[in-house]
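J.: Here it is, the structure in full.
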Amino acid sequence: MTLNIKHSLNYLRTLEKSSQNTDIHPIIEALASSKYKTLLTCNAPIQQETLREFWKNAQLQTQGKKAWGITSKVGEVLVSVTPQTILEVFR
């Protein structure tokens, strides 16, 4: 199986101020100094087939009426995405 990168999702996000985005400079400053900067600007490759398979098998996990994560199976691997797993990966 050939892994194709989903290019439209792989643009590296930047937190740069310019004359075209002066109205959001305070937001850019807050994000650039936050603990989420790495998460917002990482350049993680995304394979299109893997992405399709993840969402095809995705199930929302809830506690009561509140969503707390997404689980899915990609190949033979069970994947769980929760706020905690995202925090651990991007520490």
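The values are calculated or read from the model by the stated rules, or taken from the named source; none is laboratory data. None of these values were measured; they are calculated from a predicted model. Note that we place each Cβ from the backbone using ideal geometry, even for glycine, and neighbour counts take in every protein chain shown.
J.: What residue, of Thr85, Thr38, is among the hydroxyl-bearing types (Ser, Thr, Tyr), within 13 Å of the chain's Cα centre (by Cα), within 23 Å of Leu15 (Cβ to Cβ) and assigned to a helix (DSSP H, G or I)?
T.: Just one listed residue meets the conditions, Thr38.
J.: Residues in the range 62-74: is at least one of a type outside the set (S, T, N, Q) and part of a helix (DSSP H, G or I)?
T.: no
J.: Let me ask you something else. Collect the residues in the range 29-43 that are exposed (fewer than 12 other Cβ atoms within 10 Å of the Cβ) and either in contact (Cβ under 8 Å) with a residue 24 or more places away in the chain or among the charged types (D, E, K, R) (or both), keeping them in residue-number order.
T.: Passing the criteria: Lys35, Thr38, Cys42, Asn43.
J.: Please determine, by comparing only the residues of the range 40-85 that are modelled with pLDDT under 90 and touching a helix residue (DSSP H, G or I) at 6+ places or on another chain (Cβ under 7 Å), which one is farthest from Lys17 (Cα to Cα).
T.: Among those that are modelled with pLDDT under 90 and touching a helix residue (DSSP H, G or I) at 6+ places or on another chain (Cβ under 7 Å), it is Ile46.
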